[in-house]
Amino acid sequence: MPTGCRSPFWDAWFTPAQQLISLHQGTLSLSELFSQHNESRPFFPRLLMILLAAPAGWDARQEMVLTFATVCAGAGAIYLLFRRCSDLSRNRRILVWAITSFLLFAPCGYENFLNPQHFGNFVPSVALLFALVINAGGSRFAIKACANASLAFIATYSMPHGLFLWLFAWPIAWQPNESPRRTRWRVIYCVAALVSIAGYFWGYRHPTVTPPFVSPFTHFGLLLHYLTLWSGDLFFLSVADPLLLGILVLALFSALAAAAIFLAVRDRNWRPGYPWLVLGIFTLVSGFTGAAGRLGFGLEQALDQRYTSYTVFLYIAIVGLAAHVLSAFRSTALRLLAVAVFASGALLWGETLVRITPRLAADERMRKHLLLALEWAAVIPDNPELQKLSPYPETPRRIQELIRYDILRPRAVSGPLAEAVRENPARASSRTIGELTGHPSASAGQMKLRASAGSKKPNCVVIGFASAAGKYSPVAVFLPGEWRTIDLTHFLGERGELSGWAVYLKQKRASPLSGTVPFGPIR
């Protein structure tokens, strides 16, 4: 797992950061656990994150492991659906399941596995998969109703589109005979749905950070355009744009869905196509609702990588429907077409992996730098780089509270090492190493710095500003050997010089860098 991914990012500084602070302050309540986070009420993701972080501290990798485990559970549910609903042979079943697994872990969705706050994105779709597995089994109707209601409740209080699970996870008994007990359990299921949905909207307020919902009656064309882009964004392509792929994906799903419905009516057997029809329609309804809520940001918002955690299930539904239809229509032409489509998909998967690798490397460099800023937040609390971790203005305060309660992992630098780098390197008695060089950037108050430290490469360098009045304070931290632009707008109008420390974390030692860089108004 990449090192930089240990840094919590973006929305994670609200959920679960604030709840962890409340837990250590003794003020955490059910009301806060069920409170809104943007449009969602992520009670269950919060609860799981707190249970993971409370014993040993908050390490963002805990949620990443949870995301991976959730997706693996979804892959297991898909295999069970193929086993319970299809008449494919064992070898063909494994082959088709392998295709869906490759889609679940498509390279374009790496951000969903490396960002801890994306764990909840997968919960509604995976919960639906398990509800479909339950419906496809032979359990008693009461068990189906209770289990699916529980899954729908979990989905509802994980992500907003989880609300739709109450409809799509409707308990089904495949036997035609009806009984009063089934009616009673359906009524109980409906009451649970009404209570759950009413609780979701009780005191609900539309978030100020998101645009208002767009009406499908006035902007249907734009919403369809958004949905099409959203549907075609699972791969990074050089030969086609997402709009074209989205059109092909939606057309393919529509054709396969129509064929599956035809087969169900003809054979009077809905079981083989049922799970994939439900999964695909649920995904499209979720996508259309998301389009109504996000269109105000612009059509380009549909191409955000986090949404691949939703769109991938439309592709899985297509694979399931294709396996069902091809097994029923024993047409050589159709099978050749399916082979061509899946071969094209494999090429797109491979091309996406090649094209995503440089972006992943750049993302890792950025995360490493932000992790450094976080590790040194107790020493440099006003570091402007900390603002890149999250848009919430409360984030710097939360970071300091998490450090004070010793919640963050890795722990913030403290003790003698922290005290050492708070001193001016020019006054250090130890021998200098390496060299600090720099020059002003094109923007006012910005400096470009680079630190070299000879053969004994330090873990990082801490830069400080010494004012003309003699006051010294650390202002930035970065990796040695790279040019880094640091923000000194806080010191605009002042005159002084920049100097630095080479820091060796394992030895808990800091050595002064030779050289200083002047900073101040141009005469």
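The values are calculated or read from the model by the stated rules, or taken from the named source; none is laboratory data. Remember, it's a predicted structure, so these values are computed and weren't measured experimentally. Cβ sites come from the backbone with ideal geometry, for glycine too, and all protein chains shown count toward neighbours. Only protein heavy atoms, including side chains, enter the accessible area calculation; ligands, DNA and RNA are left aside. Shrake-Rupley method; radii C 1.70, N 1.55, O 1.52, S 1.80 Å.
Radius of gyration over Kirkwood radius for region 266-376, both on Cα atoms: the Rg/Rh ratio is 1.12.
Mean separation of Cα pairs under 8 Å and 6 or more residues apart, divided by the residue count, gives the chain a relative contact order of 15 percent.
Distance between the 7 Å Cα→Cβ label points at residue 167 and residue 423: 6.8 nm. At a probe radius of 1.4 angstrom, the accessible area of region 268-327 per residue rounds to 30 square angstrom.
Of the solvent-accessible surface of the chain, computed with a 1.4 Å probe and all protein chains present, 63% belongs to carbon and sulfur. Ignoring ligands, DNA and RNA, what accessible area per residue does region 349-487 give at 1.4 Å, in Å²? Solvent-accessible surface per residue comes out at 50 Å². Note on residue 336/residue 95: beta-carbon distance plugged into 1/(1 + (r/R0)^6) with R0 of 25 Å gives a FRET efficiency of 0.95. Taking all protein chains into account, the per residue accessible area for region 138-262 stands at 54 Å² (1.4 Å probe). Ordering 267, 487, 233 by accessible surface, largest first, gives 267, 487, 233; the 1.4 Å probe counts only protein heavy atoms, with every chain in place. Note on exposure: 506, 456 ranked by accessible area (1.4 Å probe, complete protein assembly) read 506, 456, with the most exposed listed first. The antiparallel fraction among DSSP beta bridges confined to the chain stands at about 90%.
Under the criterion of Cα pairs below 8 Å and six or more residues apart, the relative contact order for region 1-135 equals 32 percent.
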